[in-house]
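J.: The structure is given below, and queries will be raised subsequently.
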Amino acid sequence: MSREPRAHPSTALVWTTLGALYFVWGTTYLGIEKVNETAPTLLGAATRFLFAGTVLFAWASARTDERPHRAQWKAAAVVGVFLLLGGNALVAVSENMGTPTGVVALIIALIPLWLALFDRVLLRSAPLGWKVVVGLIGGFVGAAVLVGTSATVGNVPLGGMLVAVCATLCWTAGSLYARNAALPRAPLLGSGMQQMVGGLVIFAVAVAAGELRGFSVSQVSTASWLGLLWLIVAGSFVGFSCYLWLLRNVRTSLVSTYAYVNPVVAVTLGWLFLSEPITGRLLVAAAIILGSVALIVSAGGPTQRAEAHDTPVAELAIDVETAEDAASHTVRPDP
């Protein structure tokens with residue numbers, strides 16, 4: 001039986017959804033900073049993912065007959081540890097160490113470069129084109145300019161920036177593992193599992209780090225509670241829903257543009273609400289990094305599925321079998 005063709009969404013709906021994704025995921029850096037003001041860093045991250053993951057898992061379980069087995073839980077645990085503990089939680093730690101949100105966002109924008117480097121150079125999944133080569137060189141030059149000038153001129157803690165770099169490496173490793181991991185086919189079910197397990201691991205680390213000693217819920221300010229609520233509702237629910245819808249309805253190379261739009265939103269919000277300076281050297285570094293990411297994304301991947309003239313680039317330049325597979329493999333490289 002042939003499947004009826006899917007109706008194309010309107011241009012206005014596509015750009016409204018994409019704009020929402022740009023804005024929502026760009027604001028998560030500010031949300032993390034607000035949570036960090038009065039709440040323990042790891043405990044805040046654990047609360048976010050435990051709550052969001054439980055809701056997503058319960059909702060998805062009620063809508064599908066798929067029931068995850070032990071191998072899928074193990075795969076979700078590995079992905080959750082790398083992406084949420086090693087990726088998202090380290091972003092929160094970096095900000096807590098004094099790294100400006102805009103600088104963190106620009107460092108996170110290096111993820112497509114790491115993915116291209118490991119996937120194409122080390123794993124040799126595709127030949128290197130000139131766009132990838134130029135993008136890799138330019139991206140790391142931009143990163144050197146960003147880290148070097150921020151540490152020496154901007155008085156940004158070098159340790160905080162290195163933690164953010166570690167977060168990008170963890171996200172890259174988790175994303176590459178997730179590509180072939182035994183995860184559920186239902187996207188929200190897999191995401192819920194990853195966030196639940198990842199949240200539990202982050203909570204265990206928070207306890208081991210002593211974040212619960214002397215902590216009282218009463219010390220958490222209204223601003224921090226609102227920041228946490230924003231991260232759960234907007235970052236985990238609204239943003240991810242927009243991302244899934246876009247993956248299924250528009251070309252994936254267009255969806256991937258959030259990788260170099262989110263940092264612009266984060267830098268702007270950091271300047272507006274946190275008085276983070278925007279220097280000329282920061283703008284130069286940002287232009288180099290984001291331009292390099294654009295080259296990497298436009299280069300595409302080794303497979304072409306539904307788009308004859310537009311190579312799919314999903315999950316920040318990770319090649320995928322289908323958009324649904326990409327969505328089920330990972331949550332997202334957001335803070």
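The values are calculated or read from the model by the stated rules, or taken from the named source; none is laboratory data. Note that the structure is predicted; figures quoted are calculated from it, not measured. Please note: Cβ atoms are built from the backbone with ideal geometry, for glycine as well, and neighbour counts cover all protein chains shown. Remember, those area values only see protein heavy atoms, side chains included, never the ligands or the DNA or RNA. Shrake-Rupley method; radii C 1.70, N 1.55, O 1.52, S 1.80 Å.
J.: Would you call S298 at pLDDT below 80 and either assigned to a helix (DSSP H, G or I) or touching a Pro at 6+ places or on another chain (Cβ under 6 Å) (or both)?
T.: Considered against the rule, which asks whether it is at pLDDT below 80 and either assigned to a helix (DSSP H, G or I) or touching a Pro at 6+ places or on another chain (Cβ under 6 Å) (or both), S298 comes out as yes.
J.: Would a scan of the range 107-130 turn up a residue that is in a helix (DSSP H, G or I), among the polar types (S, T, N, Q) and either free of Cβ contacts under 8 Å to residues at least 60 places away in the same chain or in contact with an Asp or Glu (Cβ under 9 Å, 6 or more places away or on another chain) (or both)?
T.: We begin by selecting, within the range 107-130, every residue in a helix (DSSP H, G or I); these are 107-108, 111-122, 130.
Pick out the ones that are also among the polar types (S, T, N, Q) and you get none.
No: zero hits.
J.: Which residues, taken from the range 173-192, are open to solvent by less than 30 Å² (accessible area, probe 1.4 Å), under 18 Å from G53 (Cα atoms) and not in a helix (DSSP H, G or I)?
T.: L183, P184, A186 - these are the residues of the range 173-192 that are open to solvent by less than 30 Å² (accessible area, probe 1.4 Å), under 18 Å from G53 (Cα atoms) and not in a helix (DSSP H, G or I).
J.: While we're looking at this one, here's another question. May I ask you to verify whether S10 is over 20 Å from A259 (Cα atoms), out of contact with any strand residue (DSSP E or B) (no Cβ under 7 Å at 6 or more places or on another chain) and of a type in the set (G, A, S)?
T.: Values: over 20 Å from A259 (Cα atoms): yes; out of contact with any strand residue (DSSP E or B) (no Cβ under 7 Å at 6 or more places or on another chain): yes; of a type in the set (G, A, S): yes.
So S10 passes the test.
J.: Please indicate, with yes or no, whether at least one residue in the range 53-68 is touching a Ser or Thr at 6+ places or on another chain (Cβ under 8 Å), buried (at least 23 other Cβ atoms within 10 Å of the Cβ) and either β-branched (V, I, T) or part of a helix (DSSP H, G or I) (or both).
T.: Among the residues of the range 53-68, at least one is touching a Ser or Thr at 6+ places or on another chain (Cβ under 8 Å), buried (at least 23 other Cβ atoms within 10 Å of the Cβ) and either β-branched (V, I, T) or part of a helix (DSSP H, G or I) (or both), which makes the answer yes.
J.: Further, regarding this structure: Please identify the pairs in which a residue from the range 153-172 that is under 19 Å from L283 (Cα atoms) and outside any helix (DSSP H, G or I) has its Cβ atom under 7 Å from the Cβ atom of a residue that is among the aliphatic types (A, V, I, L, M) and open to solvent by less than 40 Å² (accessible area, probe 1.4 Å), counting only partners at least 6 apart or on another chain.
T.: These pairs meet every condition: V156/V103.
J.: A further question follows. Those residues that are of a type in the set (G, A, S) and free of Cβ contacts under 8 Å to residues at least 12 places away in the same chain, I need them from the range 4-57; list them, please.
T.: We begin by selecting, within the range 4-57, every residue of a type in the set (G, A, S); these are 7, 10, 12, 19-20, 26, 31, 39, 44-46, 52-53.
Hits for the range 4-57 are A7, S10, A12, G19.
J.: Modelled with pLDDT under 85 and more than 20 Å from I108 (Cβ to Cβ): is that true of S241 in this structure?
T.: Judged against the criteria, S241 is a match.
J.: Tell me, please, whether a residue that is open to solvent by less than 10 Å² (accessible area, probe 1.4 Å), of a type in the set (S, T, N, Q) and not in a helix (DSSP H, G or I) can be found in the range 91-101.
T.: yes
J.: Sticking with this one: Look through the range 200-216, keep the residues that are assigned to a helix (DSSP H, G or I) and touching a residue at least 40 places away in the same chain (Cβ under 8 Å), and return whichever of them is surrounded by the fewest Cβ atoms within 10 Å (Cβ to Cβ).
T.: Going residue by residue through the range 200-216, those that are assigned to a helix (DSSP H, G or I) are 200-208.
Still in the running and touching a residue at least 40 places away in the same chain (Cβ under 8 Å): 200-203, 205-206.
Numbers: L200: 19, V201: 19, I202: 27, F203: 19, V205: 17, A206: 21.
Looking at residues that are assigned to a helix (DSSP H, G or I) and touching a residue at least 40 places away in the same chain (Cβ under 8 Å), I get V205.
J.: Give me the residue from the range 217-243 that is among the β-branched types (V, I, T) and assigned to a helix (DSSP H, G or I) and, out of that set, farthest from E37 (Cα to Cα).
T.: Of the residues in the range 217-243, the ones among the β-branched types (V, I, T) are 217, 220, 222, 232-233, 238.
Subset that is assigned to a helix (DSSP H, G or I): 217, 222, 232-233, 238.
Values: V217: 13, T222: 10, I232: 17, V233: 20, V238: 24 Å.
Among them, the one singled out is V238.
J.: Between a first residue in the range 222-239 that is touching a residue at least 24 places away in the same chain (Cβ under 8 Å) and more than 22 Å from L189 (Cα to Cα) and a second residue that is surrounded by fewer than 18 Cβ atoms within 10 Å (Cβ to Cβ) and among the hydroxyl-bearing types (S, T, Y), which pairs have beta carbons less than 9 Å apart while being 6 or more apart in sequence or on different chains?
T.: As it stands, the answer is A223/T38; S224/T38, since those pairs meet every condition given.
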